[in-house]
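Encoded as structure tokens, the structure appears first; notes follow it.
The values are calculated or read from the model by the stated rules, or taken from the named source; none is laboratory data. In this text, all values refer to a predicted model and were calculated from it rather than measured experimentally. For neighbour counting, all protein chains shown are included, and Cβ atoms are generated from backbone atoms with ideal geometry for every residue, glycine included. We work out accessible area using only protein heavy atoms, side chains counted, and drop any ligands, DNA or RNA first. Shrake-Rupley method; radii C 1.70, N 1.55, O 1.52, S 1.80 Å.
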2 protein chains.
Amino acid sequence: MIDANTAHRWLTIIVALLIIMIYIGSMFDHCLYFNTTALARQLEGEWAKAFEPFDLTPPQAFLLRAILDQPGLMQYELANALTISRPTATRALDGLKAKGLIERRNSERDGREQAIFPTAPAIAMHTSLNEASVQVGKRLKKLLGADVFADTVTKIRGVRAALK
Amino acid sequence: MIDANTAHRWLTIIVALLIIMIYIGSMFDHCLYFNTTALARQLEGEWAKAFEPFDLTPPQAFLLRAILDQPGLMQYELANALTISRPTATRALDGLKAKGLIERRNSERDGREQAIFPTAPAIAMHTSLNEASVQVGKRLKKLLGADVFADTVTKIRGVRAALK
DNA sequence: CATATATGATTGCATAGCTAACGATTTTTA
DNA sequence: TAAAAATCGTTAGCTATGCAATCATATATG
């Protein structure tokens, strides 16, 4: 049997440890929004480095990659593919247009629509742009482990689908 | 033994199915960056609804919650806690100040620093703000399943830590 | 102790995202 | 067929974010 003094000392220590454990973690550690937005900013930085040689920001580069992959999509189709709003697509395309990387063509069947095509300089970037992207993916998979990487993406896609 | 014609027909069908499978998924389905930024935008919308009654955007509300949780932190400590840059913190705090929710006090020990405190109106919001946040968490856990929710957050935190 | 360096907050400038509203065009409906 | 509703792209106006540079204050160094 332990005496009352010993019991009290131990209790004090345990309570102190619990308090420390609570304070070590920060308030939003278990918040999906907080962690998702924070990760998004971190990844933005990683991809920005990869696309810097092309003078493209990550959103611009991903948009251009989609255009190179499927030339001739309408603007609203691109907006859907990238899950951005149409106004955001308009401005991102304005940016690529200003760099001479895309052109807009009036749709023949519907006067409201604009089909988007890559220009020759953009097509010339196609391979190296995809190669740079593959390299980032490889680097992250190596850093995190390929299984963790894939699991994380799957989990995130699951949440996205559930929220839709 | 099957004849050459049958074999050819089957091969054609299989190849066609593979091509369809590739096209059903979109180009960035397995991209961590793409899915993370997309999820961040979706969650932004969810939390925006929750904080609308308080006339706060999600970034403002999370900042205010941190201030209410630990009054008197320096600006750079808040920036670190929220993993945003100091300029972003300055501007977010300007916003809360304009709404009369926080005040800046000069640090006594270091003339460069500013300690941030909630005002009385902000303190009056403390409970209901936290309650609204808990409700969002509960709703998402119900929608996704508590285990999926927790797993997703854990995975994302793992990636964040690995990238740091 | 004087000067150089580092740090905290701010400001300037840029990008990316959203909603609301509008003009042009197409489709639906009465 | 005329009017109403829907759709596509754009514009206006807002927020959030970052980097680079600046100012003021502390700290380190010679």
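Taking a label point 7 Å out from Cα toward Cβ, give me the nm distances from B:K49 to the same spot in the other copies, shortest first, one decimal.
Its label point is 3.8 nm from the equivalent points in the other copies.
Per residue of chain A, what 222 nm ellipticity follows from adding -39500 (n - 2.57) for every DSSP H run with n ≥ 4, rounded to the nearest 500?
When only DSSP H runs of four or more count, the value is -23500 deg cm²/dmol.
With the dipole of chain B worked out from charges on the C-beta (+1 for Lys and Arg, -1 for Asp and Glu) around the Cα centre, which of B:G137, B:L68, B:G25 lies farthest toward the positive end?
With unit charges placed on the Cβ atoms, the residue in question is B:L68.
So with the 1.4 Å probe, I'd like the accessible area per residue for the protein assembly as shown, rounded to whole Å².
59 Å²
Tell me, what is the 1.4 Å probe accessible area of A:K49, in Å² to the nearest 10?
Surface accessible to solvent at A:K49 totals approximately 120 Å².
Interface B/A, total buried accessible area with a 1.4 Å probe, nearest 100 Å²?
In total, chains B and A hide about 4800 Å² from solvent.
Only Lys, Arg, Asp and Glu count, each charged at its Cβ (+1, +1, -1, -1), so figure out the dipole size of chain B about its Cα centre, rounded to 20 debye.
Working: 20 positive and 16 negative charges, 27 e Å.
The calculated dipole for chain B is roughly 140 debye.
Place the label 7 angstrom along Cα→C-beta at A:R104 and in each other copy, then list the distances from the first to the rest in nm, shortest first.
The answer, with the shortest distance listed first, is 4.2 nm.
What percentage of the solvent-accessible surface of the range B:29-163, computed with a 1.4 Å probe over protein heavy atoms, is contributed by carbon and sulfur atoms?
53 percent
Rounded to the nearest 10 Å², what accessible area does B:F54 have for a 1.4 Å probe in the complete protein model?
Counting only protein heavy atoms, the figure is 50 Å².
Mind listing the label-point distances from B:D147 to the same position on all other copies, shortest first, one decimal in nm, points 7 Å along Cα→Cβ?
Those label-point separations list as 1.8 nm.
Give, rounded to the nearest 20 debye, the magnitude of the charge dipole that the protein assembly as shown has about its Cα centre when Lys and Arg contribute +1 at Cβ and Asp and Glu contribute -1 at Cβ.
80 debye
Which FRET efficiency, nearest 0.05, do B:T154 and B:R105 yield, Cβ-Cβ r, R0 22 Å?
On the way: r = 38 Å, r/R0 = 1.71.
Efficiency for this residue pair is about 0.05.
Counting Lys +1, Arg +1, Asp -1, Glu -1, what net charge surrounds B:T152 among other residues with beta carbon under 13 Å of its beta carbon?
On the way: positive: A:K155, A:R157, A:R160, B:K141, B:K155, B:R157, B:R160; negative: A:D151, B:D147, B:D151.
Charge balance near B:T152 sits at +4.
Test of understanding: in a Gaussian network model of chain A with alpha carbons linked when under 10 Å, which of A:A89, A:A61, A:A124 would top the mean-square fluctuation ranking?
Looking only at A:A89, A:A61, A:A124, the biggest GNM fluctuation is shown by A:A124.
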